[in-house]
1. About its Cα centre, what dipole magnitude does the chain give when the only charges are +1 on Lys and Arg Cβ and -1 on Asp and Glu Cβ, stated in debye to the nearest 20?
2. What's the carbon and sulfur percent of the chain's accessible surface, probe 1.4 angstrom, rounded to a whole number?
3. With bins 10 Å wide starting at 0, give me the P(r) of the stretch 1-116 over every alpha carbon pair, in whole percents.
4. What is the Cα convex hull volume of the chain when expressed per residue in Å³?
5. If r is the Cβ-Cβ distance from SER162 to LYS24 and R0 is 35 Å, what FRET efficiency results, to the nearest 0.05?
6. Over the stretch 128-171, what portion of Cα pair distances is larger than 13 Å, expressed as a whole percent?
7. Between LYS105 and VAL55, what is the FRET efficiency for a Förster distance of 30 Å, r being their Cβ-Cβ separation, to the nearest 0.05?
8. Could you check the simple spin-label distance between ALA114 and LYS79, using points 7 Å along Cα→Cβ, in nm with one decimal?
Amino acid sequence: MSERTAKNTLTLENVREELMKIIKKEFISQLDKDESGKDKKHYYNEAQIQYKLAVELYKNFGIEPTLEWYVGKWDDGTKKYIDMVFEVEGKKVGIELKYKNQKLKTGDYTNQGAQNNGKFHFFKDIERLEMLKGDKAKIEKGFAILITNDHLYWNAAKTETSVARFNLCDGEKLQEKTYRADWRVQQKYKDVSVKLSKSYTVRWEPAAADMPEKDNAKNNNTKKDGKTFRCLIIEVK
């Protein structure tokens, strides 16, 4: 961890707001210039995002998160982890993080593709956090976070495709029900279904109305060139 420069107050009430402040400053704005006019640091994989988020939590609040926190075993005997855990007011906060890239015309970043799998895994993150929140209250709060510059995550899939049931477009309602993928997700998933115990509303940041005019259009169809980073945070109930 880098040296801590300040210690503000992080509470269970403001933790989502403070997480979003860090994400906006460090990750959503990474294609902007810094105050000196130089390019800001670019992030190319999830591990970099995890580490930087942990550093910023320490610098700002004196909190030392645990990465890849082991929480026991699933029913099938496999070990289960979540990406990050830290304590606030003596209670554990859990984070599952997804970071998906789209390649720019300049060649920067890579095309990760497989957006159907990415959406499925994000739903799985929500399910996992719900289970941990309900499993003898192993966590007090949980946040599923998706950061991406790939418009296919916030634009709706064609209605006739099976991935459409995993849509993450603005205003989408994630229902309290079981979602099933009709495609092969990954070999490690014997059951390609996700059961959500609560309902959620999708809200991307920045909101389309708050984005520059050149990036703002109807139906979430923001520019498709990868120059717009957005973040979705689902706080599990």
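1. Working: 46 positive and 38 negative charges, 107 e Å.
That gives a dipole near 520 debye.
2. Numbers: 5620 of 12550 Å².
It is 45 percent, rounded to a whole number.
3. Calculated over all Cα pairs of the stretch 1-116, the distribution is 12, 36, 33, 17, 2, 0 percent.
4. Working: hull volume 33.2 nm³, N = 237.
Taking the convex hull of the Cα positions in the chain, it is 140 Å³ per residue.
5. Working: r = 33 Å, r/R0 = 0.95.
It comes to 0.60.
6. Working: 611 of 946 pairs.
Here the tail beyond 13 Å accounts for 65 percent of pairs.
7. Values: r = 31 Å, r/R0 = 1.02.
That gives a FRET efficiency of 0.45.
8. 2.2 nm
The values are calculated or read from the model by the stated rules, or taken from the named source; none is laboratory data. Nothing here was measured: the structure is a model prediction, and the numbers come from that model. Note that we place each Cβ from the backbone using ideal geometry, even for glycine, and neighbour counts take in every protein chain shown. The accessibility values were calculated without ligands, DNA or RNA, using every heavy atom of the protein model including side chains. Shrake-Rupley method; radii C 1.70, N 1.55, O 1.52, S 1.80 Å.
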